[in-house]
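Structure first, then comments.
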Amino acid sequence: MKRKVTLIPGDGIGPEVSLATQRCVEATGVGIEWETVHAGSDVMQKKGTPLPEEVLDSIRRTKVAIKGPITTPVGSGFRSVNVALRKELDLYACLRPCKLYEGIRSPFQKINIIIVRENTEDLYAGIEFESGTPEAAEIVKKIMELNPKAKMHPDPAISIKPISYKATERIVRFAFETALRESRKKVTAVHKANIMKCTDGLFLRVAKEVAKNYEGKILFEDRIVDNMCMQLVQRPEEYDVLVLPNLYGDIISDLCAGLIGGLGIAPGANIGDGIALFEATHGSAPKYKGLNKANPTAMILSGVLMLDYLGEKEASQRLENAVAQVLKEGHSVTYDLKSDRNDPSAVGTSQMADAIIKALK
Ligand code: NAD
């Protein structure tokens with residue numbers, strides 16, 4: 001029986017990398033019935049919302065989705081569809097494996113880090129107040145009442161950073177359970193608890209509390225986020241599973257993507273209880289839209305994670321091996337993986353997918 005999967009092609013380079021992924025996943029022989037639905041700015045023009053209810057309904061029905069990147073307008077316009085999907089479906093854990101494959105240029109020998117990013121709160125919660133509005137003025141007034149020592153310039157814009165016990169406990173537990181499942185040795189909690197004593201302080205306290213349940217099985221340590229950035233670019237091989245609040249997770253994910261060959265390589269998954277949405281770490285890279293230029297690897301590796309999640313472990317391993325072989329050979333790869341980005345031997349998105357499908361067979 002075919003397994004139903006929701007496919008959201010996205011915009012920018014999304015449709016190209018999505019098609020490449022769909023072809024590679026199908027080439028494994030796993031029976032998938034794709035339910036294709038659309039979200040993003042084009043949909044906004046037609047339907048008045050960038051995230052129509054039919055998209056959420058489809059994912060709620062199939063419980064598994066894979067999605068191309070979707071552009072978020074900067075500063076004004078609609079809020080992020082990507083963030084809305086994670087919140088609406090309570091996809092509280094963002095899983096981003098960062099593995100260095102042979103054939104990728106890197107100053108390091110071995111990197112195999114799993115990033116576990118909290119997905120529902122922090123400065124990403126979208127609780128913001130525009131400068132100069134009565135709402136912002138009221139918040140400032142209330143803050144001054146509650147904390148007369150607080151210092152603010154006039155008319156600040158305000159973003160709220162909620163960090164809760166519940167969300168922290170479940171994300172740290174998810175990180176430890178991932179470490180156990182993947183036979184990892186260590187979980188590192190990343191924070192800025194020295195400065196943000198309430199929010200990050202709570203994150204660290206809860207992480208330490210959860211870690212006690214895994215004593216003797218998984219090691220635990222913590223790092224301040226700025227130090228973590230430096231450690232990762234100097235000694236990434238020392239890190240195993242990282243667990244972070246939402247914003248640090250976002251930033252460190254791109255840093256780690258840079259360590260393993262760039263955004264074109266880094267896959268991801270957003271996971272809730274019994275529901276999952278797979279997507280690359282990268283965005284819609286609008287300047288490459290329609291050029292058959294973007295690297296499809298990140299989204300194909302997100303397809304590898306999806307097959308694994310669907311219980312198709314053998315197919316998932318075969319597809320990952322095929323990607324690894326093409327990367328190792330280094331011939332049929334996109335421009336970003338060549339040592340000279342203008343190398344004329346670089347292939348396009350669909351040709352790289354062809355090579356992966358050939359390696360699979
Ligand atoms: P981006 O990831 O789209 O692009 C940054 C740069 O990385 C690109 O210029 C390109 O050089 C490179 N790059 C990214 N993906 C690549 C690929 N597959 N192959 C080769 N090179 C690749 O980040 P951005 O420019 O900050 O964001 C563009 C848009 O995407 C924004 O609207 C942003 O909000 C959105 N975005 C969406 C998601 C998502 O859908 N989950 C994630 C991140 C950003």
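Antiparallel beta bridges, as assigned by DSSP with both residues in the chain, represent about 40 percent of the total such bridges.
Residue pairs exceeding 28 angstrom between C-alpha atoms, taken from K46/K287; K46/K99; K142/K212; K2/K47; K87/K185: K46/K99; K142/K212; K2/K47; K87/K185.
Any idea how far the Cα center of the stretch 124-190 sits from the one of the stretch 274-309, in Å? Using only Cα atoms, the two centres lie 28 Å from each other.
A viscosity of 0.890 mPa s and a temperature of 25 °C, combined with the Kirkwood radius over C-alpha pairs in the Stokes-Einstein formula, give the stretch 206-293 a diffusion coefficient of 158 µm²/s.
Only Cα pairs under 8 Å and 6+ residues apart enter the sum, and on that basis the relative contact order of the chain stands at 23 percent.
In a GNM of the chain with a 10 Å cut-off on Cα contacts, which of N246, N227, N342 has the highest mean-square fluctuation? Of N246, N227, N342, the most mobile in the Gaussian network model is N342. Cysteines of the chain lacking any other cysteine Cβ under 4.7 Å from their own Cβ: C24, C94, C198, C229.
May I ask for log10 I(q)/I(0) of the stretch 138-207 at q = 0.21, 0.25, 0.27 Å⁻¹, from a Debye sum over the Cα atoms as equal point scatterers with solvent left out? Debye curve over Cα of the stretch 138-207, log10 I(q)/I(0) at q = 0.21, 0.25, 0.27 Å⁻¹: -0.95, -1.12, -1.18.
What FRET efficiency comes out for K289 versus A157 if R0 is 22 angstrom and r is the Cβ-Cβ distance? Round to the nearest 0.05. E between K289 and A157, to the nearest 0.05, is 0.10. Each residue of the stretch 215-231 was assigned a 3J(HN,Hα) from its phi angle through the Karplus curve 6.51 cos²θ - 1.76 cosθ + 1.60 (θ = phi - 60°); the sequence is 4, x, 10, 10, 6, 9, 8, 10, 9, 6, 4, 5, 4, 4, 4, 5, 4 Hz, with glycine and proline shown as x. A simple count of charges around E138, restricted to other residues whose Cβ falls under 15 Å of its Cβ and scoring Lys, Arg +1 and Asp, Glu -1, yields -3. Let me know the longest stretch in the chain that avoids all GluC sites (Glu not before Pro) found in a DSSP loop with at most 16 other C-beta atoms within 10 Å. Within the chain, the longest run free of exposed GluC sites (Glu not before Pro) spans 216-361. Between R205 and Y165, full extension at 0.36 nm per residue minus the direct alpha carbon distance yields a gain of 13.5 nm. For A150 and C229, a Förster radius of 41 Å and the Cβ-Cβ distance give a FRET efficiency of 0.90, rounded to the nearest 0.05. Per residue, the stretch 164-215 exposes an accessible area of 51 Å² to a 1.4 Å probe, with every protein chain left in place.
Taking amide H positions as modeled 1.01 Å from N, with prolines and chain starts lacking one, the residues under 5 Å from D11 and 5 or more places away or on another chain are I70, T71.
The values are calculated or read from the model by the stated rules, or taken from the named source; none is laboratory data. For clarity, every value in this text was computed on a predicted model and none was experimentally measured. As a convention, Cβ positions derive from the backbone with ideal geometry for all residues, glycine included, and neighbour counts pool all protein chains shown. What goes into the accessible areas is simple: the full protein's heavy atoms, side chains included, and nothing from ligands, DNA or RNA. Shrake-Rupley method; radii C 1.70, N 1.55, O 1.52, S 1.80 Å.
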